[in-house]
Amino acid sequence: MRHIMAEPTIITAPPALRREKISFEALKVIQRLQQQGFQAYLAGGGVRDLLLGRHPKDFDIATSAQPNEVRRVFHNCRLIGRRFRLAHILFRGGMFIECATFRSPVVAEDDTAPETPLAGRDAPLEAFRARDGMILRDNVFGTAEQDAWRRDFTVNGMFYDPEAHQVIDYVGGLPDLERRVLRSIGDPLVRYREDPVRMLRACRFAGTLDFQIEPHADHAINALRNDLALASPSRMYEEVLKLFNSGAAEPIFRHLHRTGLFNVIFPQAGAWLDTEEGEAAQLRIYHALRQLDVWKKHGHDINPALAWAVAFGPYHEHLAAKLEQEGLKVSPALAMATINHLHGLAKRVQVFKHVIRDASLIMAAQPTFEKMREGVRAERFRTRHYFGDALVYLKLRSAWSNSSVELVQWWQQHL
């Protein structure tokens, strides 16, 4: 990716960026690296969230120190990754601070290799880009400016130096943050080909931050959305879990529907949602996702099995109805419909087997609530590990359809 070399915009951090929101461990790592003569900054989404007055979930550090040099500075360091070599600085309680070396642009086959002042200090530099443009391996180290231009969106491309209390912006992130615009760094067609998951991240950031996706970046999603099928199914599972646990699942899923990415990730469910019956069910799904967001914002963890059951419950009920017509009883039909759908996603999203099992049990339990309203049977049912999540689903279903109100009240009174 080419860009014009320019001086960064450097400003004194505004009042919204409060140091007390930054973990002590992250500040300690930055201070130690700078004392050893390296550049070291807070980077990425953490800087964005601090500037917005939010509490960052992660504190990632970008540095001129290469991985082996970070390890020499910190005895509590381990190196991970092959595609992207990273240093994790370990602290008590199992927490760690992730430290990444500044990276330079990956060179296309017809380009000349970029000069880098860091070459030769560590293991041989590696970069490998597949013919379709995806970056498969990338350990080419560079400067702070090159690293900023490598990032996905301008609002994620800024650095914060806590020692100088300054924000460093090479990519125009500050004005885009003020406009609440999500803009790709460089040509979005190129950037999405490098890593198709960036399209999914665009929807996540837009939904979570209530930002508008800049038109060129939005149109590029429409042009390249099918490339998302090239992403690793295991990585996609983690990305979908981030959507469920974002506290903004409803607006994110609306963006996924709007851009067509939903149909790429979940082709069968997406095709059904485009039918007349499926369109009517969308309001139920959005209502349930909105409730997940409320729970998350109140500090509750969302069980992945419940999230999958909630997001696709109406579709699984639709599939189960067909199985009932073939002679299967309602509970087994709900279980089989859930299992078949989530197993069938394996080429796009690798859902763990225990999550599929528990999601199917949540669905299969729904008719059981009516049958088990007797002393001993009710007691046994309540001991099932999935009972709490199944009851949550029953409450949501009752709210969707304005039915089963008395059934929900009975179980709440007898807990």
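The values are calculated or read from the model by the stated rules, or taken from the named source; none is laboratory data. The shown structure was predicted, so the numbers you read here are calculated from the model rather than taken from an experiment. Please note: Cβ atoms are built from the backbone with ideal geometry, for glycine as well, and neighbour counts cover all protein chains shown.
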_So the check is Cβ under 6 Å with 6+ separation or different chains; which pairs have a first residue in the stretch 210-233 that's among the small types (G, A, S) and a second one that's in a helix (DSSP H, G or I)?_
A217/P188; A220/P188; A220/L189; A220/Y192; A229/V264; A231/V197
*Residues V47, V73: which one is over 17 Å from T154 (Cα atoms) and either in the same structural domain as G173 (by TED's automatic domain parsing) or modelled with pLDDT of 95 or more (or both)?*
V73
*Could you check how many residues of the stretch 244-266 are within 13 Å of V349 (Cα to Cα) and either modelled with pLDDT under 95 or outside any helix (DSSP H, G or I) (or both)?*
1
*Do we have any residue at all in the stretch 314-331 that's in contact with an Asp or Glu (Cβ under 6 Å, 6 or more places away or on another chain), touching a residue at least 24 places away in the same chain (Cβ under 8 Å), surrounded by 14 or more Cβ atoms within 10 Å (Cβ to Cβ) and closer than 20 Å to P233 by Cβ?*
no
_With within 23 Å of the chain's Cα centre (by Cα) and without any contact (Cβ under 8 Å) to a residue 60 or more places away in the chain as the only criterion, which of G45, G81 stands out?_
G81
*Could you say which residue among R18, R32, R54 is farther than 17 Å from T101 by Cα and either touching a residue at least 24 places away in the same chain (Cβ under 8 Å) or touching a helix residue (DSSP H, G or I) at 6+ places or on another chain (Cβ under 7 Å) (or both)?*
R18
*Residues of the stretch 216-233 that turn out to be among the polar types (S, T, N, Q) and farther than 14 Å from H255 by Cβ, as a count*: 2
_I'm checking my understanding of the structure. Among residues of the stretch 317-347 that are among the charged types (D, E, K, R) and within 17 Å of E277 (Cβ to Cβ), which one is farthest from the chain's Cα centre (by Cα)?_
E324
*Across the stretch 141-158, what is the number of residues that are touching a Ser or Thr at 6+ places or on another chain (Cβ under 8 Å), touching a residue at least 60 places away in the same chain (Cβ under 8 Å) and not aromatic (F, W, Y)?*
4
*Kindly indicate which of R48, R18, R82 is crowded, with 20+ Cβ neighbours inside 10 Å and of a type outside the set (A, V, I, L, M).*
R48
_Could you go through the stretch 31-42 and let me know if any residue there is buried (at least 16 other Cβ atoms within 10 Å of the Cβ), of a type in the set (A, V, I, L, M), in a strand (DSSP E or B) and assigned by TED's automatic domain parsing to the domain that holds T154._
yes
*In the stretch 154-170, which residues are crowded, with 24+ Cβ neighbours inside 10 Å and in a loop (DSSP other than H, G, I, E, B)?*
G157, Y170
